[in-house]
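Everything on this sheet refers to the single structure shown next.
What follows is calculated from the coordinates using simple rules that are stated; it is not laboratory data. Predicted model, so just to flag it, every value in this text is computed and none were measured. Cβ: placed from backbone, ideal geometry, glycine included. Neighbour counts: every protein chain shown.
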């Protein structure tokens with residue numbers, strides 16, 4: 001306690017900077033000093049060494065896989081092949097993320113294949129409900145697939161896997177809607193941007209799934225739209241297609257998962 | 001729970017990154033991004049913003065890797081400092097937003113410390129923890145709140161309902177006490 005007054009106030013400023021209590025102007029001033037003076041840079045580094053170990057208390061959290069893709073895109077780096085990470089690097093989680101990423105890519109491919117099939121004249125009039133699975137690439141304004149949805153009609157559920165969703169604004173959450181032809185949107189459920197979401201499809205939803213219906217994602221308050229209808233902007237939408245007819249189920253999707261699961 | 005690679009391995013990777021080694025960069029990201037994302041989430045309390053800040057931090061890390069000096073800091077300290085600075089800058093930009101949502105406050109809740117990432121960090125952490133324990137409880141809580149929330153003196157004073165001058169003197173006294181304790 002008796003060290004309070006006899007310390008150089010300047011050192012204190014660097015400690016305050018590292019702790020994070022300075023306002024924007026004072027921070028900027030310290031940052032300029034760090035660049036201009038090696039002595040200041042060293043003082044700041046010493047304070048970082050003293051205080052930053054406190055982050056050990058913060059639980060680690062795997063970022064979504066698309067963050068890495070954005071970093072790579074932004075820096076214009078080549079697609080670094082997904083090397084098998086060394087055993088020390090949280091193999092479970094990492095493989096898990098890769099698994100979901102590949103699952104998403106697989107599902108996108110299936111959805112695209114479905115849409116192509118739907119455009120063929122003979123397909124576009126074929127009744128869909130006989131298919132065991134339906135799929136949709138829910139696409140954003142920029143043309144990128146935000147999520148892919150696979151609907152298992154027999155089990156009555158839908159798995160929504162994020163592909164490359166945009167960052168969602170603070171206090172907003174994505175909600176998935178089914179829009180039947182000429183009808184009002186029906187809430188399907190809230191979906192995640194960083195992990196797959198499984199949603200239950202009740203009978204009335206199942207009855208409305210079909211090639212003329214559309215899936216859409218709107219931005220809502222975190223608990224979902226308070227009105228039962230979309231209240232925020234629609235950020236992505238996708239047509240609903242049948243899964244490839246030859247196998248009756250999405251081949252690429254389910255082909256990927258067992259192999260990937262072995263790594264988990 | 002598995003451990004990330006040790007500090008030396010990370011420093012070697014970061015030195016490679018400074019030479020433009022993209023594989024080393026990918027490896028470093030794999031090893032440290034969960035740690036850094038945890039920091040972003042904790043400070044920003046918003047997934048979207050945390051993702052943006054994480055992205056910003058890593059692109060900056062790639063561009064500034066040459067300024068990493070292994071004699072001054074460990075790679076993880078360098079990365080954490082860079083990430084925290086980005087997070088604090090972001091917090092300062094959202095100044096106009098209300099910050100006194102009670103659900104956001106940690107002040108009364110001391111979270112359970114999670115196990116330290118590696119042996120070296122653990123040692124540093126334990127020293128720091130022991131020194132923090134010597135602070136007067138209200139001052140310790142102020143320092144912790146400041147560290148984890150990235151809040152300014154003003155915001156801290158409001159949150160803790162004490163005059164600004166009191167908050168400043170609590171934290172300054174604590175910092176000087178910590179320095180004396182840690183450098184002993």
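Rounded, prolate or oblate: pick one for region B:1-97, where a ≥ b ≥ c are the square roots of the eigenvalues of its C-alpha gyration tensor, a/c under 1.5 means rounded, and failing that, prolate if a/b is larger than b/c, else oblate. Taking the square roots of the gyration eigenvalues as a ≥ b ≥ c, region B:1-97 is prolate. Panel values: region A:9-57, Kirkwood radius from alpha carbon pairs, Stokes-Einstein at 25 °C and 0.890 mPa s, translational diffusion coefficient 225 µm²/s. In percent, how large is the relative contact order of region A:138-180, given Cα pairs closer than 8 Å and 6 or more residues apart? Computed value for region A:138-180: 29 percent relative contact order. A viscosity of 1.002 mPa s and a temperature of 20 °C, combined with the Kirkwood radius over Cα pairs in Stokes-Einstein, give a translational diffusion coefficient for region A:140-202 of 168 µm²/s.
Across peptide A:173-183, the mean count of Cβ atoms from other chains lying within 10 Å of each residue's own Cβ comes to 0.
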